[in-house]
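Asker: This is the structure I have questions about; it appears just below.
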Amino acid sequence: MMLHKNLLQMVIANWLNSDMVIIDTETTGLAYNAEIIEISVIDMRGNVLLDTLVKPSCSIPPQATEINRITDEMVADAPSWREVYPVLMDIIGSRKWVGWKSEFDARLIVQSCLINGLYDDLSPAQLLAEQERIHGSQIDAKRTYSEWHGEPDRKRGGFKRQPLAAAVQQMGVKFQGNAHRSLADCYAVLHVLIRASKWVAPETMTMAQIRNSLPIVARYETTAGQALFNAMEESLFSQPRTNETPDGWQLVPIEPTEDMVIHGFESKPDAHFSKQEDWDAYQAMSGCEQAAHRAKLCWSAMLAAAPKQEQNQK
């Protein structure tokens with residue numbers, strides 16, 4: 001099994017054993033005047049924390065109804081977004097939340113607030129803080145699953161982003177309800193993650209497995225990426241053990257800790273969370289340069305998150 005699949009399984013297993021929640025929305029469309037018309041939240045045990053239709057400030061376009069089967073008549077007596085939003089934020093609290101293309105759900109949550117005047121009385125600083133609370137707590141399950149699935153994207157590089165319907169089929173999951181309804185999609189995401197993780201505990205991944213997987217990873221990386229992994233392998237397995245750590249080296253656990261894995265995974269450049277200058281520089285790189293850059297960022301982040309241990313003094 002490829003190294004990146006093992007690492008992502010550990011990350012997903014951590015999600016499934018946490019207090020994180022899964023959120024899915026149905027909307028009046030995709031544009032910047034669209035609103036949420038249904039939202040569901042479940043925890044990682046499948047308990048329903050919120051499941052409600054939402055009455056929008058406008059009529060639902062026929063194109064949206066064709067996809068999600070939600071009509072104006074169905075939402076006529078539903079609560080407004082002003083009523084639903086405080087309930088949602090009480091559920092999220094300080095927790096992280098997962099969604100399939102969660103950046104879209106986060107945008108629609110903020111967008112629905114703006115359209116319905118929930119931010120009208122906030123100062124610019126308060127508005128930014130509220131938006132950061134929503135965007136900063138989301139994790140994209142689509143991106144993580146797609147990288148775990150590992151289908152190369154020959155045109156754009158990296159891995160092809162998998163639609164939820166494709167992931168459901170790939171993992172043999174059956175929808176509980178109707179696809180493109182928020183609760184059914186929440187359950188679909190949960191069961192896709194469960195199947196993908198296979199409930200692999202981090203401690204079951206040995207360094208021998210990591211070493212055996214390195215040549216497989218090299219096939220999906222660039223020459224620069226392969227050289228970096230070769231250097232990592234040499235540093236892990238070929239250096240003689242001494243009581244002194246040479247300059248430029250540091251002591252790390254034989255098996256990466258969960259914190260190291262998470263920091264390594266989250267080090268990947270992101271349009272929403274990276275500094276603008278860092279993101280612009282990353283976008284300007286070629287596909288080969290991006291792959292090598294991601295590998296270096298991952299390695300640096302894992303080293304920085306490694307537990308510190310005093311050297312033995314004799």
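Asker: Can you pull out the trypsin sites (Lys or Arg not before Pro) in segment 1-98 whose DSSP state is coil and whose Cβ has at most 13 other Cβ atoms within 10 Å?
Answerer: Values: sites: LYS5, ARG45, ARG69, ARG82, ARG95, LYS96; in loops: ARG45, ARG69, ARG95, LYS96.
Passing both the DSSP loop test and the Cβ count: ARG45, ARG69, ARG95.
Asker: Enter the accessible area of LYS55 (Å², nearest 10), with the probe set to 1.4 Å and all protein chains included.
Answerer: Here the accessible area works out near 100 Å².
Asker: Within the set LYS5/LYS96; LYS5/LYS268; LYS101/LYS296; LYS160/LYS268; LYS101/LYS268; LYS55/LYS174, which residue pairs have Cα atoms separated by over 18 Å?
Answerer: Values: LYS5/LYS96 22 Å; LYS5/LYS268 15 Å; LYS101/LYS296 26 Å; LYS160/LYS268 16 Å; LYS101/LYS268 16 Å; LYS55/LYS174 29 Å.
Beyond 18 Å between Cα atoms: LYS5/LYS96; LYS101/LYS296; LYS55/LYS174.
Asker: Provide the net charge surrounding ASP19, with neighbours chosen by a C-beta distance below 13 Å and charges set as Lys +1, Arg +1, Asp -1, Glu -1. Don't skip to the answer; put the middle values down first.
Answerer: Details: positive: ARG45, ARG95, LYS96; negative: ASP43.
In short, +2.
Asker: Quick one: work out Rg over Rh on the C-alpha atoms of segment 67-202, Rh as Kirkwood radius.
Answerer: Working: Rg = 17.3 Å, Rh = 17.1 Å.
Over the Cα atoms of segment 67-202, Rg/Rh equals 1.02.
Asker: Something else now. So, by mean Cβ neighbours within 10 angstrom, what's the order for 187-193, 145-151 with the highest one leading?
Answerer: Result, highest mean first: 187-193, 145-151.
Asker: Sort MET74, MET171 by accessible area with a 1.4 Å probe, largest first. If you can, show how the numbers build up before the last one.
Answerer: Values: MET74 75, MET171 30 Å².
Correct descending sequence by accessible area is MET74, MET171.
The values are calculated or read from the model by the stated rules, or taken from the named source; none is laboratory data. The shown structure was predicted, so the numbers you read here are calculated from the model rather than taken from an experiment. Methodologically, a virtual Cβ is constructed for each residue, glycine included, from the backbone with ideal geometry; neighbour enumeration extends over all protein chains shown. For the accessible areas, the whole protein counts, side chains as well, though only heavy atoms, and no ligand, DNA or RNA atoms are used. Shrake-Rupley method; radii C 1.70, N 1.55, O 1.52, S 1.80 Å.
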